[in-house]
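Input: a single structure, listed below in structure tokens.
The values are calculated or read from the model by the stated rules, or taken from the named source; none is laboratory data. Computed from a prediction, not measured in an experiment: that's the story for all the values here. No Cβ is skipped: glycine too gets one built from the backbone with ideal geometry, and neighbour counts run over all protein chains shown. Calculation scope for accessible area: heavy atoms of the full protein, side chains included, ligands and nucleic acids excluded. Shrake-Rupley method; radii C 1.70, N 1.55, O 1.52, S 1.80 Å.
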Amino acid sequence: MAALIFFGTGLALADLGAGPSAVSALFLVLMALPAYAALIRWLGVRRGLALLLLLSVLPLLVEALAVLTGVPYGRFSYGGALGPKAFGLVPWTVAVAYPPVFLASAAAASSLAGTEARRFLPATALFALLADLVLDPAAVRAGFWAWDAPGPYYGVPAANFVGWAITGLLYAALFRHLVRDRFAAGETVPPSVAASAVLIFGFWAGYLLRERLLLPAALGLFLAALFLSLPRRGGGPGPHR
């Protein structure tokens, strides 16, 4: 039901980038909370918060590097819709926006491909790449950021997707290392960790449909449905610590 509400919200919005930055930031935080809560339930407070901190700070630093040098995503710059910028380069809200997408990718990979490194790492990177095929066209259309040299996929250059695949692979390796004991015990990433992504992709699919970007809209609906239907395989939530 919540996913349908977010889909309808996205469908109804005509000019997302025009709203106050505080509203955009609050919206991102609210959408991220279900994933954060689910991860902490699974890993416990200490390890869950530590992992969230890593998945927040590292993407922020990588985004800053990309804005400065073009590596690894290509050259682009952020507008003001997402709020104040860290280092004068990247909105702080990026630290909130990325973890739910990555966590859903990891949950899908562990449930559908397994937790062995040779399966989990490329599968997580693949789901992250599919996610960006939805998110980047939506964000560009909303005016969140702009590319110096627009590319063939709704204005997004191919280098961006290569960068997402590489960083997704690296984050997946770090994530797997930090939860290796859970994987060794036969657990997978709980499907509840993907709850935020169901809302996120439901919302963006509605917005993309509103903007008549049909391919990324269809892919967004597919991902929302996929994350919503993830099976649980082994293990249960970890203790609270």
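A compact table of results
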read-out: The stretch 109-125, residues that are out of contact with any helix residue (DSSP H, G or I) (no Cβ under 8 Å at 6 or more places or on another chain) and not in a helix (DSSP H, G or I); value: 116
read-out: Contacts under 9 angstrom Cβ, first residue in the stretch 140-151 being within 14 Å of residue 208 (Cβ to Cβ), partner of a type in the set (Asp, Glu) and surrounded by 16 or more Cβ atoms within 10 Å (Cβ to Cβ), 6 or more apart; value: 141/211; 142/211
read-out: Given (1) within 21 Å of residue 128 (Cβ to Cβ); (2) open to solvent by 10 Å² or more (accessible area, probe 1.4 Å); (3) modelled with pLDDT of 90 or more, index of the condition residue 3 fails; value: (3)
read-out: Matching residues in the stretch 49-106 - criterion: being over 18 Å from residue 159 (Cα atoms), in a loop (DSSP other than H, G, I, E, B) and of a type in the set (Val, Ile, Thr); value: 93
read-out: Scope the stretch 84-106; condition open to solvent by less than 10 Å² (accessible area, probe 1.4 Å) and within 19 Å of residue 140 (Cα to Cα); matching residues; value: 90, 91, 101
read-out: Selected residue (only one of 215, 178, 199, 219 is within 17 Å of residue 126 (Cβ to Cβ) and of a type outside the set (Val, Ile, Thr)); value: 219
read-out: Unique match (being touching a residue at least 24 places away in the same chain (Cβ under 8 Å), touching a Ser or Thr at 6+ places or on another chain (Cβ under 8 Å) and farther than 17 Å from residue 39 by Cβ) among 186, 168, 202, 220; value: 168
read-out: Residue check for residue 90: closer than 24 Å to residue 173 by Cβ and either touching a helix residue (DSSP H, G or I) at 6+ places or on another chain (Cβ under 6 Å) or among the β-branched types (Val, Ile, Thr) (or both); value: yes
read-out: Of all residues making up the stretch 37-46, the number that are surrounded by fewer than 20 Cβ atoms within 10 Å (Cβ to Cβ) and closer than 14 Å to residue 189 by Cα; value: 3
